1. Out of region 158-263, which GluC sites (Glu not before Pro) are coil in DSSP terms and have no more than 11 other C-beta atoms within 10 Å?
2. In deg cm²/dmol and to the nearest 500, what is the mean residue ellipticity at 222 nm of the chain if only DSSP H runs of at least 4 residues count, each as -39500 (n - 2.57), divided by the residue total?
3. By how many degrees, 0 to 90 and rounded to 10, does the Cα axis of helix 373-382 deviate from the longest principal axis of the chain?
4. Here are labelled values, [x] 33.3; [y] 26.3; [z] 24.2, and one is the computed mean projected area of the Cα convex hull in nm² for what I pasted. Which one?
5. With each pseudo-label sitting 7 Å past Cα toward Cβ, what's the LYS172-ALA79 distance in nm, one decimal?
6. Listed highest first by mean packing, meaning other Cβ atoms within 10 Å per residue, what order do 523-534, 406-417, 388-399 come in?
7. Dipole magnitude of region 221-386 about its Cα centre, charges +1 at Lys/Arg Cβ and -1 at Asp/Glu Cβ only, in debye to the nearest 20?
8. If you fit an axis through the alpha-carbon atoms of helix 186-199 and take the longest principal axis of the Cα set of the chain, what angle between them do you get, 0 to 90°, nearest 10?
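The values are calculated or read from the model by the stated rules, or taken from the named source; none is laboratory data. Nothing here was measured: the structure is a model prediction, and the numbers come from that model. Don't worry about glycine lacking a Cβ; one is built from the backbone with ideal geometry, like all the others, and counts go over all protein chains shown. Please note that ligands, DNA and RNA were not included when accessible areas were found on the heavy atoms of the full protein model with its side chains. Shrake-Rupley method; radii C 1.70, N 1.55, O 1.52, S 1.80 Å.
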Amino acid sequence: MEAKANGPSVNAGRVMDGPTNPMVTPLLTDLYQFTMAYAYWKAGKHNDRAVFDLYFRKNPFGGEFTVFAGLEECIKLIANFKLTEEEISFICETLPGSCEEGFVKYLRNIDCSDVEVYAISEGTVVFPKVPLLRVEGPVAVVQLLETPVLNLVNFASLVATNAARHRLVAGKSKMLLEFGLRRAQGPDGAISASKYCYIGGFDATSNVAAGRLFGIPLRGTHSHAFVSSFMSPDEILERSLHRSDGSSTCEDFVSLVQSWLSKIQWAKALGNTVGETNQSELAAFTSYALAFPNNFLALVDTYDVMRSGVPNFCAVALALNDLGYKSVGIRLDSGDLAYLSGEARKIFQIIEKEFGLPGFGKTSITASNDLNEETLDALNKQGHEVDCYGIGTYLVTCYAQAALGCVFKLVEINNQPRIKLSEDVSKVSIPCKKRCYRLYGREGYSLVDIMTGENEPCPKVGERILCRHPFNESKRAYVVPQRVEELLKCYWPGKSGKVREELPALKDIRDHCIKQLEQMRPDHIRRLNPTPYKVSVSAKLYDFIHFLWLNEAPVGELQ
């Protein structure tokens with residue numbers, strides 16, 4: 001079936017409805033968020049102004065880039081964050097000890113009207129340590145947002161990155177279809193995967209619910225069960241088919257298909273390679289073509305791809321061609337995909353020449369069967385004739401890596417910068433409220449991301465700036481940017497009165513992701529041994545990090 005746009009209009013994403021999944025409520029959090037909220041309230045600290053950064057420490061899948069996704073669902077949660085009486089009662093029953101009435105009243109009034117959210121645009125290529133979201137607000141409220149926001153970003157970004165990696169290996173010219181619904185981790189895993197695979201560069205999904213919800217193009221034809229459900233052409237009762245222009249009717253399409261099969265079997269150019277084919281398979285293909293003459297795509301490996309499936313497909317396709325229809329192609333779901341696709345292409349090209357059918361040699365070939373990034377890479381190295389890939393299990397389950405590992409760390413409270421220390425330097429947080437920029441070079445590629453203190457001047461085009469590794473004093477470089485892009489934008493202003501960035505339509509997020517990948521230097525996004533992308537801090541922020549580090553770290557004493 002051809003991809004078609006459906007579902008909500010492009011403006012649907014701009015409406016601040018609730019999250020897609022109704023289970024995403026204020027209770028979708030860890031218990032310790034509510035115990036901390038109570039302790040904050042008890043200590044009179046619940047309204048202290050806090051700033052948290054959401055970021056990750058390492059790129060997934062052994063690569064050097066990540067695609068940020070999940071922002072829209074986060075903003076929808078924040079926009080609708082409100083506890084019901086039933087939820088409040090459950091919280092109070094669950095908390096250890098007794099719950100004071102004052103806290104119950106506090107919970108009734110909690111919302112995100114005093115919260116501000118700054119974020120990188122969804123679909124942007126991002127890197128470790130750089131905040132994807134900065135959430136500011138009353139500390140107790142922001143703590144309650146921690147777990148659900150991490151939940152909404154972690155998998156979304158992981159699967160979008162997985163999809164983008166598959167797109168990079170497949171190349172721009174290939175069609176990518178997401179077929180993971182039946183293998184995904186539950187209904188939400190499936191719906192989320194369909195949405196974020198589309199952002200990462202896939203063209204369509206088999207998931208009808210995702211098509212309706214998000215307007216993702218849908219693709220799908222038939223399974224092996226449909227083919228094996230037929231016994232013979234005699235089962236086809238309605239045999240007539242109108243010409244595509246409606247000018248006349250073929251009263252016995254089944255016989256037309258049989259006559260074309262005979263021509264193929266006797267064609268000298270095929271060297272008598274086509275013998276008797278499976279007639280039940282031919283009946284299934286014929287029946288499907290009668291139902292969908294404009295979208296005929298056949299699964300050809302139920303019995304034997306080259307001896308039966310491909311010749312039967314060609315017979316039906318040529319009969320459809322007589323009536324003005326153009327078949328879509330075939331799908332291979334088993335066997336040696338490189339070899340079979342090549343052999344099928346040869347037959348299509350021979351038939352084009354033998355019967356004078358311009359374009360038939362380019363008939364589309366789709367491959368499925370537990371494909372993954374490694375399979376696509378292997379097919380490219382072997383040489384193949386596949387035009388379209390249907391990918392499921394390894395894509396939507398992110399089989400190669402279970403989780404991204406985003407964290408949510410306090411970086412400032414009541415205007416006082418805070419730092420989280422660790423013996424593992426990679427786990428040391430970068431303190432204070434920051435601004436983040438992407439600096440571009442002369443060739444148009446991004447060179448480095450740099451974080452600065454909130455009140456530092458913005459890097460300027462043509463002016464040299466010192467970029468320092470956050471923790472390694474010997475790693476530093478001067479950069480003269482040809483373009484400067486500020487990464488964090490206000491997506492939820494709270495009471496600040498700042499202008500809010502609109503949430504773009506899903507198609508626009510996908511286009512943004514594809515453009516972002518094109519702006520990356522090829523060695524940063526290549527599959528094998530990619531060059532690490534540089535993430536830096538300004539000289540002033542570097543000095544402050546290390547001053548705070550020394551100030552906060554306990555001093556040991558040797559006896």
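1. Numbers: sites: GLU178, GLU235, GLU238, GLU251; in loops: GLU238, GLU251.
Counting only loop positions with at most 11 other Cβ atoms within 10 Å, the GluC sites (Glu not before Pro) in region 158-263 are GLU238, GLU251.
2. Values: 17 runs with 202 residues, N = 559.
Mean residue ellipticity at 222 nm (helix-derived): -11000 deg cm²/dmol.
3. So the helix axis and the longest Cα principal axis differ by about 50 degrees.
4. [x]
5. Here the answer is 3.4 nm between the modelled labels.
6. Numbers: 523-534: 14.8, 406-417: 16.9, 388-399: 21.8.
With the highest mean Cβ count within 10 Å placed first, the list reads 388-399, 406-417, 523-534.
7. On the way: 12 positive and 21 negative charges, 120 e Å.
That gives a dipole near 580 debye.
8. The helix 186-199 is inclined about 90 degrees to the chain.
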